[in-house]
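Taking it in order: structure first as structure tokens, then the write-up.
The values are calculated or read from the model by the stated rules, or taken from the named source; none is laboratory data. Quick caveat: nothing in here was measured; it's all calculated off a predicted structure. Positions of Cβ are backbone-derived with ideal geometry, glycine not excepted, and every protein chain shown enters the neighbour counts.
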Amino acid sequence: MIIGVLLLLAAVCLYSRHSDHSARKLGCKAVQLKQGYGYLISLKNDTLIYQPYIPAIGKHIPFSNRQDALKVGNMVCRKLQNNQLPSMSKAEIDALGISYSRF
């Protein structure tokens, strides 16, 4: 948990240090894993966030499909673009319709 918080803070700091807000080019892509999907958020060639599991549910469960990984990854990107912390709550995960009850 502490490592996750530190990674989030590092991502925010790296993202915030670029002064030209119009030049920010965040990218979000789904990544295939052995048992499912995760997402990766990058700025130019720097990886800001690599998330192999569904966040906020308290278990290490990958997303069951590419679309779910992108739903959450895109929401995290929007938060970064709006200068918000890129964290997700369980309520946000549920509101996006992400299924995680298979494990």
Exercise for review: Return the total of residues in segment 70-87 being under 8 Å from the mean Cα position of the chain (by Cα) and assigned to a loop (DSSP other than H, G, I, E, B).
Suggested key: 2
Check your understanding: What about Leu48, is it in contact with a helix residue (DSSP H, G or I) (Cβ under 6 Å, 6 or more places away or on another chain), farther than 18 Å from Leu33 by Cβ and without any contact (Cβ under 8 Å) to a residue 40 or more places away in the chain?
Key -> yes
Study note, to complete from the structure: Looking across segment 28-69 at residues that are charged (D, E, K, R) and in a helix (DSSP H, G or I), the single one that is surrounded by the fewest Cβ atoms within 10 Å (Cβ to Cβ) is Arg66
**Study point:** Boolean, Tyr100 is touching a Pro at 6+ places or on another chain (Cβ under 9 Å), surrounded by 16 or more Cβ atoms within 10 Å (Cβ to Cβ) and at pLDDT 75 or above
**Key:** no
Check your understanding: How many of the residues making up segment 88-103 are of a type in the set (A, V, I, L, M), in contact (Cβ under 8 Å) with a residue 24 or more places away in the chain and not in a loop (DSSP other than H, G, I, E, B)?
Key -> 1
